[in-house]
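This report refers to the structure that appears directly beneath it.
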Amino acid sequence: MPGIDECLSQAMTIAGARGVSLIDWSSGLTLGASGHSPTGDHEATAAEATDLVRAAADSPTFADPDDAGTPVRDIIVTSDRSYHLLCFVGTVFDSRLALHLWLDRAEGNLATARFRLQAIAEELVLG
Amino acid sequence: MSGVRGARIEAPGATLGMPLVQHGAPLGELLGRPLGETVERLADRRATGALRCTSGSVYLEAGVVVHAESEFATGLDALLTRCGRIPPDAWRASLRAFGAEHRVGRMLVEQGHLTQGELELCHLGALHDAAFFTLGARSMVASFEPGVRHWLGPVSGVSARLLRREAVRRRDLLERIWPCPQVDTAPVAPGPAAGRRRVRTSLRQRELLHHADGRRTPADLARLLGRSAFSTTVEVRRLAAAGIVATPPSDALRPGAVASDALAPGALAPDVPCPDEPLLPTTLAGLQRRTPGAALRRPSDDLAGATVTACPPNAAAHPLSAHDPDIALLNRVRIALEARL
């Protein structure tokens, strides 16, 4: 049965993965990280990712107003060299968690990566 | 729990019940230090046991923080039973059967009540929440009980430095939202903007407001709803910043309030004049009135023990010397509203 570290290791096997972290977006805490970080510091990256996630989750435009648990499913940011996938992790108990996967654009496939990251997020909770 | 009588370290000259480790430095050097620093010192000595403070406990195993509990934070039991993830009866049965052997966590997973991922996620969340409220307490009174282990048993560990850094970061986050820590422990009551105009609130906030009966504090509401105490505190500070929840007058003596300087000494600007504030009792010596915006700096500054010498412009312009506390509060509201425009 996978724990946090096993799920992060799995995420790093996604084609093009450069780094992954599990963040608590209520506080900006990094619960776990693997691989590299765009800023060289997983904690700093988590804090910035938290700002992005919070902006979307608190927004009446982007968030589902009736879903207090996971108001957004995922957020995708693309640039010339990278993809960033932020996948919300839903739990029965109260939590505000998201997986942040940093992908190399030349090596990664966005659709596949999104699919796999969502599967990993579910596996982390459901076992 | 197999309690060894703890060595009180609250007063100078306290007799030590037993040394932390055989070759460790005397416990007395931890006197009067912020609790986060005390946990770091204990970790440096690879201590095993429970550090008991006025607002909670931090458990260490071979120098690694393995759990924390606080009366102000929602515990694993409420987090997991209130949402229906584990039936209360099953939780109590696990606690009775395996608590004495310190393996409740492992058995919850082995008996299929939780997945390993859920246990780790919930445990880490509860640990950091409790550590935030424990380390942030104004009182530095603490005692260490060597050898004591938590009934949950090993799940995952956190370094003492990460624990403290995270607590400082959380405090700074709250300060940026609304620099009035007194709302964290006061009963949640309607503020000036409640019901007067249409203010947009989230579903989570509306649930909080629905259960706020004027007596329940944020910690009570978090426990009642089975929510993380820190995320509830974040919501309450936001509601207070919007005026939907009342901000009571500053009460530095309120127990459990996360002291602005408890986590990092020297974090406050030392030369801010506070003519309207009476001197605090000696037990709180060194505490000063919060300077709005004083926390708007990188947490790493705290870790280096740097003293803040310059405040952001908005803090400098803030009328701290206003003699009427209501005017000071209204000014804060105005500044917060302007910041949101």
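The values are calculated or read from the model by the stated rules, or taken from the named source; none is laboratory data. All values derive from a computational prediction rather than experimental measurement. Every residue, glycine among them, receives a Cβ derived from its backbone with ideal geometry; neighbour counts consider all protein chains shown.
Scanning the stretch B:123-136 for residues that are surrounded by 24 or more Cβ atoms within 10 Å (Cβ to Cβ) and at the interface with chain A (Cβ under 9 Å from one of its Cβ atoms) returns B:125, B:128, B:129, B:132.
Listed by position, the helices (runs of 4 or more DSSP H) enclosed by the stretch B:74-193 that each have at least 2 residues that are small (Gly, Ala, Ser) are B:88-98, B:116-135, B:160-177.
If you check B:215, B:238, B:176 for being at the interface with another protein chain (Cβ under 10 Å from one of its Cβ atoms) and either surrounded by fewer than 21 Cβ atoms within 10 Å (Cβ to Cβ) or more than 14 Å from the chain's Cα centre (by Cα) (or both), only one passes: B:238. All but one of (1) assigned to a loop (DSSP other than H, G, I, E, B); (2) among the acidic types (Asp, Glu); (3) modelled with pLDDT of 95 or more hold for residue A:66, so report the exception by its number. Condition not satisfied by residue A:66: (3).
Within the stretch B:89-102, the residues that satisfy the criterion of being within 26 Å of the chain's Cα centre (by Cα), of a type outside the set (A, V, I, L, M) and more than 14 Å from every other protein chain (Cβ to nearest Cβ) are B:99, B:102.
Determine whether residue A:71 is out of contact with any strand residue (DSSP E or B) (no Cβ under 6 Å at 6 or more places or on another chain), free of Cβ contacts under 8 Å to residues at least 40 places away in the same chain and surrounded by 20 or more Cβ atoms within 10 Å (Cβ to Cβ). Spelling it out, residue A:71 is indeed out of contact with any strand residue (DSSP E or B) (no Cβ under 6 Å at 6 or more places or on another chain), free of Cβ contacts under 8 Å to residues at least 40 places away in the same chain and surrounded by 20 or more Cβ atoms within 10 Å (Cβ to Cβ).
Of the numbered criteria (1) modelled with pLDDT under 95; (2) at the interface with chain B (Cβ under 9 Å from one of its Cβ atoms); (3) not in a helix (DSSP H, G or I), the one residue A:59 fails is (2).
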